[in-house]
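J.: Can you keep this structure in mind? I'll have questions shortly.
The values are calculated or read from the model by the stated rules, or taken from the named source; none is laboratory data. On a predicted model such as this, the values are computed, not experimentally measured, just so you know. Quick reminder, even Gly has a Cβ in these numbers, built from the backbone with ideal geometry, and neighbours come from all protein chains shown.
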Amino acid sequence: MIEPGLFFLAKLAEWGLRIYGWMIIIAILMTWVNPDPRNPVVRFLHGLTYPLFNYLAQRLPPALRLFSAYASLLVVWFLEVFVPGVLVTLAVFAGGKIAVGALAPRFLGYFLLGAGSVIQSFVFFLIVLLLIWFFLALINPSVNSMIVRTLFVLVDPFITPIQRALPRSRMDFSPLIAAGIFFLFNFFLISRIISFSAVLTRATSLGAFF
């Protein structure tokens, strides 16, 4: 009874966190259109998502507090991998398919898989932003645009150190260089961490794989 129950909890946790992640995405999108705060749907979504936003905002550096909603989404994506993975590991252990010595490697594997997946998503997100900023810089966008200001806040910490190191030129290549660095970081480190985590999540001393 324990093994099927843990499998059920794993699937329930996976779907629950996935749905909550979509709620966060919807809440983020709603901030772009200034919805009526008295609307019951808006109040429902705010009640479910804003406590997490505020919790992370109090713990993020001041420069990143505006992006607590996006940080919340990354946290949920991590938990969507880690929590079901832990429950599945406990289920196969309860069913006698793995030994107690395989628990820690599997837990670590799901932790690295969740963290690696989140970092990889964030890196791809930054690469896209940097490429967008590079092409926007070619047309000298208006600084009065909210989108332009938001993009600048996101990419500035990554391109400013590169700009200081590069010689002055008419065209700013720092976004392309930063995007290339992030691509190599993902290719040589994050992808290998994810591959290694896949080995750990199958760790067993009884010869049984799940």
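J.: List, please: which pairs have Cβ atoms under 6 Å, are six or more places apart or on different chains, and start with a residue in the range 82-103 that is over 19 Å from Ala198 (Cβ atoms) and end with one that is assigned to a helix (DSSP H, G or I) and not aliphatic (A, V, I, L, M)?
T.: Qualifying pairs under 6 Å: Ala94/Glu3; Gly95/Glu3.
J.: Does Pro37 qualify as being modelled with pLDDT under 90 and under 25 Å from Leu151 (Cα atoms)?
T.: no
J.: Here is a list: Leu17, Leu66. Which entry is touching a residue at least 24 places away in the same chain (Cβ under 8 Å), outside the structural domain of Thr150 (by TED's automatic domain parsing) and within 15 Å of the chain's Cα centre (by Cα)?
T.: Only one candidate passes the filter, namely Leu17.
J.: Hey, can you tell me all the residues within the range 77-96 that are under 16 Å from Leu200 (Cβ atoms), more than 26 Å from the chain's Cα centre (by Cα) and not aliphatic (A, V, I, L, M)?
T.: Once the filter is applied, which keeps residues that are under 16 Å from Leu200 (Cβ atoms), more than 26 Å from the chain's Cα centre (by Cα) and not aliphatic (A, V, I, L, M), the range 77-96 yields only Phe93.
J.: Quick one: in the range 86-145, which of the residues that are small (Gly, Ala, Ser) and not in a helix (DSSP H, G or I) is nearest to Ala71 (Cα to Cα)?
T.: So the residue we want is Ser145.
J.: Report whether or not Ile159 is touching a Leu at 6+ places or on another chain (Cβ under 8 Å), at pLDDT 85 or above, under 20 Å from Leu64 (Cα atoms) and assigned to a helix (DSSP H, G or I).
T.: Here the answer is yes, as Ile159 does meet what is asked.
J.: Give the residue, chosen from Leu73, Leu56, Leu60, Leu79, that is over 30 Å from Val199 (Cα atoms) and assigned to a helix (DSSP H, G or I).
T.: Result of the check over Leu73, Leu56, Leu60, Leu79: Leu56.
J.: Which of the residues belonging to the range 106-126 are surrounded by fewer than 19 Cβ atoms within 10 Å (Cβ to Cβ) and more than 12 Å from the chain's Cα centre (by Cα)?
T.: Phe107, Leu108, Phe111
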